[in-house]
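Some notes on the structure that comes next.
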Amino acid sequence: MNFSIFFKRATLFALLFFLQTKLIGQIFNIRALWIVRDYVTNEKEIDKIISFASENNYNNIFVQIRGRGDSYYNSKLVPKTHLLKNSKFDPLEYILKKAKGSKINIHAWMNVYYLWSSSEKPIQNDHLLINHPDWIDNKVPDQMNIGLMLEKMKKDRKINGEGFYLAPTHPEVDAHLQNVITELLQNYRLDGIHFDYIRYHDAGYGMNPTGLKFFLNYSNNIPGLPSVEIQDKPSFEEYKRNAITNFIDKASKRIRAYQPNCIISAAVKPNIVNAKTTFAQEWDIWLKKGYIDWAVPMNYTNENGIFERNINIMKDNLSDQLLNKIIMGIAAYNQSARSVGQKIYKTGKSNFGGFSIFSYTVFRKEPSYAKQLVKYIN
């Protein structure tokens, strides 16, 4: 092929891709961004966030206000983050005021069951890890020895996976988290509540002793435990899934009662099948039953094949109406701005409701990245 003809065709293809991708940003109703908690500890940083979101055409931001069983807001139920020790500053209150009157919606991003990840114990004396070790989930049907596990984690960080999770099957955990949500709703006028880590740690978890006792009242389907007489009751896997789905159902009713216009969303595993079988996260059911307004699949892979495969599974399992309620999560930390732009384009092509970029941290550390990506969003 004549080189000049090849060059012209390649240039035309690149131009068409750019124009198509640029148009996608205009048709998406939802252009969201995750803001990790480290960047909301003072007024100056929050001012930068709002300016950045406005200048780069984001209209929804997920602001992390609960990270590891702590709060980035004023609470009587949850200990304040160590980053704001002895400070009266309320990040959530400030960012809500800062965004008021703008076109940017503020969603309170909560890590629900994820409680602790460090090998050092929390500095807050009222942290749940210290005061309620009986609420921690486990892979064996025994109460976890927190002190011993922290010592083991100092030698081998991977021994406890991601760290400590609250047990979805423990009724007191459920009650506490519902109260946390209620307090938020009573004290802040929110555009949305965004649930994250609304799942089990991994396959094999769900063995909290109290949760097991409730299950054993009507089932014996747990390997290695004594058999008891059962009649037509759910399997242990169903029991685990039901615990989270029931939490979402109750939380949804609570949120809509206090603040009917508050958008309820959840960050979820991108493969619907794997989400359900490995993490007991049946988010397709949550969407179908209206427990959440948006599902935000964390489709963070940098590989186009895996990204598209996850999309195809969604399309195979959800109606067109529900596809519009999916806000596709796309990572910026592991790929180029051009690669992210391609995924934004693929998302729009599949008729999803919008996209969310993970995360603002990348743009804060690499301003040039944001400048490259903005052409795909504006």
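Readers should treat all values here as calculations from the given coordinates under stated rules, not as data from a laboratory. As the structure is a prediction and not an experimental result, all values here were calculated from the model. Heads up, the Cβs are rebuilt from the backbone with ideal geometry, glycines too, and the neighbour counts pull from every protein chain shown.
Odds and ends about this structure:
- Ignoring lysines fewer than eight residues from LYS253 along the same chain, the ones with Cα atoms less than 18 angstrom from its Cα are LYS288, LYS289.
- 13 Å beta-carbon shell around ASN246, net charge (K/R +1, D/E -1): +2
- Stretch in the chain that is longest and holds no GluC sites (Glu not before Pro) that DSSP places in a loop and that have at most 16 other beta carbons within 10 Å: 1-119
- The simple spin-label model puts a point 7 Å past each Cα toward its Cβ; for ILE146 and ALA203 those points are separated by 3.0 nm.
- Angle in degrees between helix 367-377 and the longest Cα principal axis of the chain, rounded to the nearest 10: 80
- Which of CYS262, PHE363, ILE193, positive extreme of dipole for the chain (C-beta unit charges): PHE363
- Highest GNM mean-square fluctuation among MET328, MET149, MET110, for the chain modelled with Cα contacts below 10 Å: MET149.
- With neighbours defined as other Cβ atoms within 10 Å of a residue's Cβ, the residues ILE123, ILE313, ILE306 order from fewest to most as ILE123, ILE306, ILE313.
- Rounded to 0.05, the FRET efficiency of the ASN125 and LYS253 pair, given R0 = 45 Å and the Cβ-Cβ distance, is 0.85.
- Efficiency of FRET between LYS213 and LYS76 - r from beta-carbon atoms, R0 35 angstrom, step 0.05: 0.70
- Only Cα sites of the chain enter the Debye sum here, all with the same form factor; the resulting log10 I(q)/I(0) across q = 0.08, 0.12 1/Å is -0.44, -0.96, listed in q order.
- Summary of the geometry: the stretch 27-104 and the stretch 298-350, compared by the centres of their Cα atoms, lie 25 Å apart.
- With a Förster radius of 45 Å applied to the C-beta separation of PHE89 and ASP156, the computed FRET efficiency comes to 0.75.
- Estimated distance in nm for a label pair at SER368 and SER102, the labels positioned 7 Å out from Cα along Cα-to-Cβ: 2.7
- Counting Lys and Arg as +1 and Asp and Glu as -1 over every other residue whose Cβ lies under 11 Å from the Cβ of MET207, the net charge comes to 0.
- For the chain, the longest site-free run once trypsin sites (Lys or Arg not before Pro) in DSSP loop states with at most 10 other Cβ atoms within 10 Å are removed: 101-378
- 9 Å beta-carbon shell around GLN178, net charge (K/R +1, D/E -1): +1
- Taking amide H as placed 1.01 Å from N in the peptide plane, the amide H of ASN138 sits under 5 Å from that of GLY206, MET207, ASN208, each at least 5 places away or on another chain.
- Within the chain, DSSP assigns beta bridges of which about 10% are antiparallel (rounded to the nearest 5).
- Reachable aspartates and glutamates from LYS371, criterion Cα separation under 13 angstrom, eight or more residues apart if same chain: GLU55
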